[in-house]
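Below is one structure; the comments refer to it alone.
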Amino acid sequence: YQCRKHVEERCKSSRGRACGSKRTLAKVWHAAYMDARAVFQRKVTKLSQADVARLFAEDGVEPAVSFRALPADPNEVISVDNAILVSMDDRKRLVRDWTANEDAARYREMVLQLQGRDLVR
């Protein structure tokens, strides 16, 4: 038997939530997963939280919630080879254009323009 106080303390410690950069990576990954499902109609993703961390490391950017991972090619499943990091504003423009037109060539052209500005890898 354990008193209520000790049961609550035990539960709090066992339910520890990720904090710091782990939590940030989880949020960026979750947003990428939801975008893949809702915007690009993909039921599966091949992107893990470790892959998101690798994207941030390759770009030399500190993990932040102000970035989102999107597929470079909207016709393919998002994966570490088919992922780009973009700012929130750029994500809005890319997603808005994709949902309006679903034109893969135009989407890729917009991604290339962003890559020229060094905001994505």
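Selection of the range 72-96 for residues being in contact with a helix residue (DSSP H, G or I) (Cβ under 8 Å, 6 or more places away or on another chain), closer than 15 Å to Gln113 by Cα and assigned to a strand (DSSP E or B) yields Ile84, Leu85, Val86.
Cβ-Cβ distances below 7 Å connect the following pairs, each with a first residue in the range 70-91 that is under 13 Å from Leu47 (Cα atoms), a second residue that is in a helix (DSSP H, G or I) and among the basic types (Lys, Arg), and a separation of six or more residues or different chains: Leu70/Arg91; Val80/Arg54. Among what's in the range 20-33 and is touching a strand residue (DSSP E or B) at 6+ places or on another chain (Cβ under 8 Å) and of a type in the set (Gly, Ala, Ser), pick the residue that is surrounded by the most Cβ atoms within 10 Å (Cβ to Cβ). By that ranking, first place goes to Ala32. Arg17 meets each of the listed conditions (1) open to solvent by 90 Å² or more (accessible area, probe 1.4 Å); (2) assigned to a loop (DSSP other than H, G, I, E, B); (3) at pLDDT 90 or above apart from (3).
The residues on offer are Val44, Val111, and the sole one that is out of contact with any Asp or Glu (no Cβ under 7 Å at 6 or more places or on another chain) and surrounded by fewer than 16 Cβ atoms within 10 Å (Cβ to Cβ) is Val44.
Annotation note: of Ala57, Ala100, Ala36, the sole residue that is assigned to a helix (DSSP H, G or I) and open to solvent by less than 70 Å² (accessible area, probe 1.4 Å) is Ala36.
Within the range 60-97, the only residue that satisfies the criterion of being aliphatic (A, V, I, L, M), closer than 18 Å to Val39 by Cβ and loosely packed, with under 14 Cβ neighbours inside 10 Å is Met88. Of the residues Val65, Val86, Val52, Val95, the single one that is out of contact with any strand residue (DSSP E or B) (no Cβ under 8 Å at 6 or more places or on another chain) and closer than 21 Å to Lys27 by Cβ is Val65.
Across the range 32-48, the number of residues qualifying as touching a Leu at 6+ places or on another chain (Cβ under 7 Å) and over 14 Å from Leu85 (Cα atoms) comes to 0.
Starting from the range 19-48, keep only residues that are under 12 Å from Ala69 (Cβ atoms), then list their pairs with residues that are hydroxyl-bearing (Ser, Thr, Tyr) and assigned to a helix (DSSP H, G or I) whose Cβ atoms are within a distance under 7 Å, requiring at least 6 positions of separation or different chains. The qualifying pairs are Thr45/Tyr33.
The values are calculated or read from the model by the stated rules, or taken from the named source; none is laboratory data. If you're wondering where the values come from, they're calculated on a predicted model, not measured in any experiment. A quick note on method: Cβ atoms are made from the backbone with ideal geometry, for glycine too, and the neighbour counts reach across all protein chains shown. Remember, those area values only see protein heavy atoms, side chains included, never the ligands or the DNA or RNA. Shrake-Rupley method; radii C 1.70, N 1.55, O 1.52, S 1.80 Å.
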